[in-house]
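K.L.:
Got a structure here, written out as structure tokens. Questions coming.
The values are calculated or read from the model by the stated rules, or taken from the named source; none is laboratory data. Since the model is a prediction, treat every value here as computed from it, not as a measurement. So basically every Cβ, Gly included, is an ideal-geometry build from the backbone, and we count neighbours across all protein chains shown. Calculation scope for accessible area: heavy atoms of the full protein, side chains included, ligands and nucleic acids excluded. Shrake-Rupley method; radii C 1.70, N 1.55, O 1.52, S 1.80 Å.
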Amino acid sequence: MSHATERATRRYPKAARVYARTFLEHATAAGVGDAVRDELAAVLETFAKVPGLARALSLTALAEDKRARILAPLADKASEPVRRLLKLLEQKGRLALLPDVAALYLRMEEAARKVRRARVRSAVALDAAQLDALAAGLAARSPGTTYLLENETDASLIAGFRIEEDGYVTDASLRHKLDQARRNLTGAPMAKVA
């Protein structure tokens with residue numbers, strides 16, 4: 001795992017990191033890593049669509065068997081490896097960790113394939129060709145790495161873009177350049193970035 005990925009995973013509970021790493025090793029050894037990746041991505045989509053689901057799983061007053069019943073529709077559709085993961089989390093009283101385990105699994109699996117994600121904030125929306133060119137430029141800095149870019153617009157940048165990747169920022173926006181020029185001319189502090 002790269003240093004950037006390791007640093008980014010630290011914000012998750014240690015238990016979730018251990019379950020995700022172990023499950024990734026198991027799925028890879030069993031040759032089902034791709035299928036499990038797709039399944040866990042669908043699990044995360046479910047949590048995103050039903051915001052109260054993660055909150056319900058984290059209720060300390062809710063017994064683990066009731067948490068398992070909440071996840072029963074998900075478990076019924078799950079493959080054998082994912083069903084076994086859910087059963088293990090239930091037995092250990094850790095079903096509340098499922099969203100974190102799924103997110104970490106995906107992040108670690110991508111790191112193993114040398115896939116990195118970055119957010120590109122731009123003054124105007126970038127089209128697919130522009131994002132592909134930007135991804136190719138980023139990949140040239142790290143040979144063998146593939147970049148998946150997510151584009152968000154931020155009109156306050158005026159022009160250009162800002163890339164945010166695992167805590168690092170590359171700012172090529174006009175706003176940043178103007179702030180630098182102002183600071184150099186007046187000694188004034190730079191504007192806060194949202």
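K.L.:
Pairs only if they're at least six apart or on different chains, beta carbon under 9 angstrom, first in the range 170-194 and acidic (Asp, Glu), second assigned to a helix (DSSP H, G or I) and modelled with pLDDT of 85 or more; list them, first residue then second.
P.N.:
Close Cβ pairs satisfying both conditions: Asp171/Leu157; Asp171/Lys177.
K.L.:
What pairs can you find where one residue is in the range 98-116 and charged (D, E, K, R), the other is surrounded by fewer than 19 Cβ atoms within 10 Å (Cβ to Cβ), and their Cβ atoms are less than 6 Å apart, with a gap of 6+ or different chains?
P.N.:
Asp100/Tyr12; Glu109/Arg37; Lys114/Gly144; Lys114/Thr145; Arg116/Thr145
K.L.:
Would you be able to say whether some residue in the range 28-44 is hydroxyl-bearing (Ser, Thr, Tyr) and farther than 16 Å from Glu110 by Cβ? Break it down stepwise before answering.
P.N.:
Restricting attention to the range 28-44, the residues satisfying the condition of being hydroxyl-bearing (Ser, Thr, Tyr) are 28.
From the residues that got through so far, the ones that are farther than 16 Å from Glu110 by Cβ too are none.
No.
K.L.:
Can you confirm whether Thr22 is at pLDDT 95 or above and out of contact with any His (no Cβ under 9 Å at 6 or more places or on another chain)?
P.N.:
Numbers: at pLDDT 95 or above: yes; out of contact with any His (no Cβ under 9 Å at 6 or more places or on another chain): yes.
It is true that Thr22 is at pLDDT 95 or above and out of contact with any His (no Cβ under 9 Å at 6 or more places or on another chain).
K.L.:
Only residues that are over 26 Å from Glu152 (Cα atoms) and modelled with pLDDT under 95: list them for the range 97-139, please. It would help to see each step written out before you state the result.
P.N.:
The first filter runs over the range 97-139 and keeps only residues over 26 Å from Glu152 (Cα atoms), leaving 97-98, 101, 112.
Listed by number, the list holds a single entry, Ala112.
K.L.:
Tell me, yes or no, whether the range 99-106 has at least one residue that is acidic (Asp, Glu) and within 25 Å of Leu44 (Cβ to Cβ). Step through it out loud before you land on a result.
P.N.:
To start, the set of residues in the range 99-106 that are acidic (Asp, Glu) comprises 100.
Remaining after also requiring within 25 Å of Leu44 (Cβ to Cβ): 100.
Yes, there is a match, as at least one residue in the range 99-106 is acidic (Asp, Glu) and within 25 Å of Leu44 (Cβ to Cβ).
K.L.:
Just to be sure I understand, how many residues within the range 135-159 are assigned to a helix (DSSP H, G or I), touching a residue at least 24 places away in the same chain (Cβ under 8 Å) and surrounded by 13 or more Cβ atoms within 10 Å (Cβ to Cβ)?
P.N.:
Within the range 135-159, the subset assigned to a helix (DSSP H, G or I) is 135-141, 155-157.
Of the ones still in play, those that are also touching a residue at least 24 places away in the same chain (Cβ under 8 Å) are 138, 155-157.
Still in the list and also surrounded by 13 or more Cβ atoms within 10 Å (Cβ to Cβ): 138, 157.
Here the count works out to 2.
K.L.:
For Pro143, are the conditions met, namely being within 20 Å of Arg37 (Cβ to Cβ) and out of contact with any strand residue (DSSP E or B) (no Cβ under 8 Å at 6 or more places or on another chain)?
P.N.:
Working: within 20 Å of Arg37 (Cβ to Cβ): no; out of contact with any strand residue (DSSP E or B) (no Cβ under 8 Å at 6 or more places or on another chain): yes.
For Pro143, the condition - within 20 Å of Arg37 (Cβ to Cβ) and out of contact with any strand residue (DSSP E or B) (no Cβ under 8 Å at 6 or more places or on another chain) - is not met.
K.L.:
Return a yes/no flag: does the range 160-167 have any residue that is of a type outside the set (Phe, Trp, Tyr), under 30 Å from Arg21 (Cβ atoms), open to solvent by 30 Å² or more (accessible area, probe 1.4 Å) and without any contact (Cβ under 8 Å) to a residue 40 or more places away in the chain.
P.N.:
no
K.L.:
Here's something else I'd like to know. Can you name the number of the only condition in (1) open to solvent by 70 Å² or more (accessible area, probe 1.4 Å); (2) within 17 Å of Arg94 (Cα to Cα); (3) touching a residue at least 12 places away in the same chain (Cβ under 8 Å) that Arg55 fails?
P.N.:
The number of the failed condition is (3).
K.L.:
Among the residues of the range 36-52, which ones are open to solvent by less than 60 Å² (accessible area, probe 1.4 Å) and not hydroxyl-bearing (Ser, Thr, Tyr)?
P.N.:
Across the range 36-52, the qualifying residues are Val36, Arg37, Glu39, Leu40, Ala41, Ala42, Val43, Leu44, Phe47, Gly52.
K.L.:
What helices (runs of 4 or more DSSP H) lie completely within the range 67-129 and have 2 or more residues being in contact with a helix residue (DSSP H, G or I) (Cβ under 6 Å, 6 or more places away or on another chain) and buried (at least 21 other Cβ atoms within 10 Å of the Cβ)? Please lay out each step first, then the result.
P.N.:
Details: elements: 72-77, 80-91, 98-112.
In the range 67-129, the matching helices (runs of 4 or more DSSP H) lie at 80-91, 98-112.
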